[in-house]
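See below for the structure under consideration.
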């Protein structure tokens with residue numbers, strides 16, 4: 001079915017214009033004023049509203065098995081929540097443990113998504129070790145359409161790789177033209193600081209930050225980018241949280257290192273005091289890197305505004321407060337890390353970013369859609385509003401007012417990190433390749449419409 005969106009103001013990363021958008025055969029075919037809809041076409045009136053390209057979240061966890069616990073969302077729940085929040089493309093971290101076969105893990109992750117996702121999806125392929133078998137698996141996954149790897153410089157013994165593995169993974173990535181997304185923290189420092197804190201009886205959620213302070217993250221960034229500099233690989237720093245780490249990335253970039261930087265919506269808006277709340281309430285806010293002192297937030301906003309930081313993601317990791325986070329009741333090292341943010345990213349970027357003057361509308365589109373599409377070989381198919389692009393579109397009502405709550409969100413998790421936060425502005429209509437999937441906060445689409453997005457390395 002054809003689709004015509006008329007009377008809206010189209011906002012992209014580099015333009016604002018009032019025009020109609022006509023979509024057919026899953027793509028945008030015409031843009032201009034006064035377009036006419038043929039008989040049978042669906043017409044959406046966007047008068048008084050913005051029209052954005054579908055948003056891309058470059059860092060989510062949906063299938064995430066940890067020791068004794070698994071993330072609560074499935075693709076059925078997460079993809080619907082994403083769409084209701086305006087995100088039409090997910091890039092999930094496929095994260096096998098060191099002992100798992102990488103190719104088997106990729107096939108398992110794919111099976112969780114294929115035929116179950118309402119929005120389009122792809123993966124970063126985790127490299128949790130590097131040997132001959134893993135290298136062959138990584139090459140095969142790239143042949144199957146994945147153009148980015150994921151590595152951890154933390155989580156010693158489970159996901160983390162050593163320096164020889166780091167060097168060889170980056171070498172392979174450079175050869176294949178693949179971007180390497182990296183979790184940057186020094187695993188040895190974390191392990192020692194955790195041991196010292198627990199031995200001293202400092203076991204509450206607030207001590208999680210003390211086990212991995214900004215210097216630990218900054219050292220991880222420096223470490224990664226030293227290796228990237230020597231191999232010529234293109235590095236993508238995930239969830240950068242603080243000025244100290246940002247300074248290391250900027251210094252490397254000035255030396256000519258190819259590095260793209262991501263921050264998270266929670267690092268822009270939440271601070272470490274939340275994890276220090278009395279009782280066990282702070283466990284809701286335990287993630288890695290941890291929430292930082294609020295003084296880091298204006299630094300991150302400024303870096304988004306001037307283009308130093310390219311993307312805003314969620315690192316969505318939905319673990320229930322009751323029964324899952326509570327596994328760490330007597331030891332913060334056992335609290336499953338992460339918070340649910342997938343559904344809230346865009347409304348918060350608009351409410352707390354655009355409306356409060358921290359960024360403008362075009363920057364919001366750039367950091368939440370276009371730059372991620374460019375970094376991971378999806379642009380201009382995704383992240384743009386132009387003829388030939390996929391018809392993933394978000395009609396956004398800037399006047400809608402609401403309150404965030406776990407009682408009304410669509411993520412399959414029992415709490416919200418933003419409980420009670422008022423917001424203004426939300427998606428009113430969301431399309432997936434030309435078909436309406438969301439109307440006024442209600443999922444109305446095809447629960448299996450999402451496709452795996454094959455990507456060809458080319459930007460690394």
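The values are calculated or read from the model by the stated rules, or taken from the named source; none is laboratory data. Predicted model, so just to flag it, every value in this text is computed and none were measured. Here the Cβ is made from the backbone with ideal geometry for all residues, glycine too, and neighbour counts use every protein chain on show.
Residue-wise test of (1) assigned to a strand (DSSP E or B); (2) free of Cβ contacts under 8 Å to residues at least 60 places away in the same chain; (3) farther than 25 Å from residue 374 by Cβ; (4) under 25 Å from the mean Cα position of the chain (by Cα).
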residue: 6; (1), (2), (3), (4): yes, yes, yes, no
residue: 9; (1), (2), (3), (4): yes, yes, no, no
residue: 13; (1), (2), (3), (4): no, no, no, yes
residue: 23; (1), (2), (3), (4): yes, no, no, no
residue: 58; (1), (2), (3), (4): yes, no, no, yes
residue: 72; (1), (2), (3), (4): no, no, yes, yes
residue: 104; (1), (2), (3), (4): no, yes, yes, yes
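Rundown of residues vs (1) buried (at least 19 other Cβ atoms within 10 Å of the Cβ); (2) in a loop (DSSP other than H, G, I, E, B); (3) over 23 Å from the mean Cα position of the chain (by Cα), yes/no style:
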{"site": "384", "(1), (2), (3)": "yes, yes, no"}
{"site": "394", "(1), (2), (3)": "yes, no, no"}
{"site": "399", "(1), (2), (3)": "no, no, yes"}
{"site": "409", "(1), (2), (3)": "yes, yes, no"}
{"site": "413", "(1), (2), (3)": "yes, yes, no"}
Residue by residue through the range 397-421, note down the ones that are touching a residue at least 24 places away in the same chain (Cβ under 8 Å) and more than 27 Å from residue 74 (Cβ to Cβ).
397, 398, 399, 400
Looking at the range 132-165, which of its residues are closer than 13 Å to residue 103 by Cβ and part of a loop (DSSP other than H, G, I, E, B)?
144, 146
From the list 128, 79, 117, which one is in a loop (DSSP other than H, G, I, E, B) and closer than 30 Å to residue 8 by Cβ?
117
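I'd like to check which helices (runs of 4 or more DSSP H) are fully inside the range 257-370 and have at least 2 residues that are touching a helix residue (DSSP H, G or I) at 6+ places or on another chain (Cβ under 9 Å), within 22 Å of residue 72 (Cα to Cα) and at pLDDT 95 or above. Lay out the reasoning, then the answer.
Working: elements: 265-269, 296-305, 345-348, 361-365.
Qualifying helices (runs of 4 or more DSSP H): 265-269, 345-348.
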Looking only at the range 84-99, count every residue that is in contact with a strand residue (DSSP E or B) (Cβ under 9 Å, 6 or more places away or on another chain) and assigned to a loop (DSSP other than H, G, I, E, B) and tell me the total.
6
Elements of type helices (runs of 4 or more DSSP H) contained in the range 177-234, each with 2 or more residues being surrounded by fewer than 18 Cβ atoms within 10 Å (Cβ to Cβ)
187-199, 214-231
Would you please list the contacts, defined by Cβ atoms under 8 Å and residues six or more apart or on different chains, that run from a residue in the range 27-52 that is on the phi > 0 side of the Ramachandran plot to a residue that is in a loop (DSSP other than H, G, I, E, B)?
40/1; 40/2
